[in-house]
Amino acid sequence: MLSRTRTFAIQGVDAVPVDVEIDIHRGLPSFSLVGLPDAAVRESRERVRAAIVNSGFDFPLTRITASLAPADLRKAGPGFDLAIAAAILRASKQVEGPELEGWWFAGELALDGSVRGLSGVLAMAERAARAEPGEPSGIAAAAANFGEAGLVGGLRIAALRRLTDLRDLAKGVLPPEPVLPGPRVVDRGLPDLADLRGQGPLRYALEVAAAGGHGLLVVGPPGAGKSLAARRLPSLLPPLTSAEAIEVTKIASIAGRPPRDGTLAARPFRAPHHTISAAGLVGGGSPPRPGEITLAHRGVLFLDELGEFTRASLEALRQPLEEGRVTISRAHGSITLPAGFQVCAAANPCPCGHGAGAQRCRCRPDQVRAYSARLSGALADRFDISLAVEQPTAAELADDDGESSEEVAVRVALARERQANRLGPGRVNATMSEPELAEHARPDAAGAEALREGHERMGLSGRGWNRVLKVARTVADLEGTADIGARHIDLALSLRRRRGEDQ
Ligand SMILES: [Zn+2]
């Protein structure tokens with residue numbers, strides 16, 4: 001006897017349909033599983049057997065073959081349990097009814113027969129909502145995943161608590177829906193810029209970086225608020241659109257951080273440790289898993305202690321920074337994952353952290369030189385803004401009453417609107433090509449003079465020159481000014497470190 005159910009495997013950030021076929025035939029009792037299963041999928045046999053027996057069904061004492069197709073797709077995790085159990089119950093005629101044809105099955109089984117939630121259900125629901133002819137039109141998932149599946153509108157969802165709920169489903173009866181706390185909302189609670197006290201230039205650098213999508217490097221001693229500042233960058237960016245929020249939530253769920261009760265994720269902030277491997281950063285493995293840059297998609301990737309990351313890791317960031325996505329090669333073809341993130345980095349000014357020239361610095365000159373060289377080699381051309389900061393003094397901390405993120409975000413949103421009108425939807429100044437730069441970021445006479453002076457004073461390279469113009473364009477956009485004048489150039493120059501510290 002043969003039966004088939006349908007489920008999904010996660011590949012990268014997408015759900016791919018998988019057919020589960022069960023063949024039950026005479027012979028010594030056995031249960032084999034074919035179709036590139038990993039260890040967790042193979043263990044599925046034990047969970048499925050126990051869940052079937054403990055739910056009061058009979059486990060067929062015959063030869064059972066379960067086949068997962070397509071066979072060349074590597075299957076991982078416990079997510080196939082429910083589909084396998086449903087197919088066995090159908091093949092052994094313990095649960096029957098054409099209604100079951102109408103569902104995708106996605107759930108893990110506990111030994112007692114209860115249905116457990118999975119990661120990646122939003123991606124599955126999204127794929128289910130795009131049903132092709134002949135495919136099921138609803139998804140039967142764990143009640144724990146009901147809110148997440150519901151983030152995709154217009155999809156039939158069956159919330160299963162126990163394997164025995166399949167009996168209802170076969171009769172066309174939906175198990176009761178869990179009660180959700182409220183309508184879907186975007187998660188709040190991003191840290192606020194108001195907490196960053198006594199750091200005027202750093203606050204301004206954050207605002208400009210947020211407005212123009214510029215890479216931001218902050219160099220300064222420990223305690224100068226570098227990491228505190230970086231964590232506040234997402235709160236300055238415009239709110240995610242509904243489609244973007246679904247995309248971000250889907251990726252978070254696949255990475256094992258399912259949304260709470262149907263709540264959409266906020267802009268991500270990812271801060272991987274500098275010991276991370278290149279694969280951990282950009283993604284990889286089999287089946288391919290998203291790396292930190294995909295988890296940071298539509299948000300901020302923060303590289304603390306930039307000089308300590310391996311060269312290989314930083315080089316791996318180049319292509320994604322350029323293209324907003326990453327391509328991972330595999331044995332069979334390659335897979336492309338989204339990776340449109342804004343990069344922010346922090347570094348100490350010297351190995352000891354106090355800064356060469358400071359009294360407390362104990363670094364030898366050659367150590368300082370080697371450290372600077374490593375820093376300026378590390379993706380330096382990706383940071384339009386590179387700011388040196390100091391620890392704020394007690395007086396600075398006391399008299400600062402900085403604006404909140406909400407206030408600054410209003411200016412950022414207006415500046416981004418001007419950029420989108422000029423460059424196209426979603427485009428920001430950081431992405432301007434050389435021709436666009438020539439067209440849209442030409443300074444007026446006084447601005448050109450200020451740039452020449454700055455060039456002499458700071459020894460800007462050609463690329464450094466272009467970066468100043470891009471940042472000056474953003475400074476003017478924040479002020480709502482069409483022309484780039486001396487004031488905008490000077491402000492942009494103030495967001496660059498001096499020669500020797502910079503390339
Ligand atoms: Zn030092």
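Things to note:
- In the set (1) within 16 Å of the ligand (Cβ to nearest atom); (2) buried (at least 17 other Cβ atoms within 10 Å of the Cβ); (3) of a type in the set (A, V, I, L, M), Ala373 fails one condition alone, (2).
- Residue match in the stretch 301-316 (condition: touching a residue at least 40 places away in the same chain (Cβ under 8 Å) and under 19 Å from Ile335 (Cα atoms)): no
- Test result for Ala140, aliphatic (A, V, I, L, M) and modelled with pLDDT of 95 or more: yes
- Ser286 being modelled with pLDDT under 95, part of a helix (DSSP H, G or I) and out of contact with any strand residue (DSSP E or B) (no Cβ under 8 Å at 6 or more places or on another chain): no
- Residue match in the stretch 198-213 (condition: among the basic types (Lys, Arg), touching a residue at least 60 places away in the same chain (Cβ under 8 Å) and surrounded by fewer than 15 Cβ atoms within 10 Å (Cβ to Cβ)): no
- Here the stretch 382-423 is the region considered, the condition is being among the charged types (D, E, K, R) and closer than 19 Å to Pro221 by Cα, and the residue that is surrounded by the fewest Cβ atoms within 10 Å (Cβ to Cβ) is Glu396.
To keep it simple, each residue is scored yes or no on (1) small (Gly, Ala, Ser); (2) outside any strand (DSSP E or B).
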{"site": "Thr275", "(1), (2)": "no, yes"}
{"site": "Ala279", "(1), (2)": "yes, yes"}
{"site": "Ile293", "(1), (2)": "no, yes"}
{"site": "Leu314", "(1), (2)": "no, yes"}
{"site": "Val326", "(1), (2)": "no, no"}
{"site": "Leu337", "(1), (2)": "no, no"}
{"site": "Gly340", "(1), (2)": "yes, yes"}
{"site": "Val343", "(1), (2)": "no, no"}
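- Test: residue in the stretch 287-300 that is closer than 22 Å to Asp14 by Cα, surrounded by fewer than 21 Cβ atoms within 10 Å (Cβ to Cβ), assigned by TED's automatic domain parsing to the domain that holds Cys350 and of a type in the set (Asp, Glu): no
- Enumeration of residues in the stretch 319-370 that are touching a Lys or Arg at 6+ places or on another chain (Cβ under 8 Å), away from the ligand (no atom under 12 Å from the Cβ) and at pLDDT below 90: none
The values are calculated or read from the model by the stated rules, or taken from the named source; none is laboratory data. Since the model is a prediction, treat every value here as computed from it, not as a measurement. Every residue, glycine among them, receives a Cβ derived from its backbone with ideal geometry; neighbour counts consider all protein chains shown.
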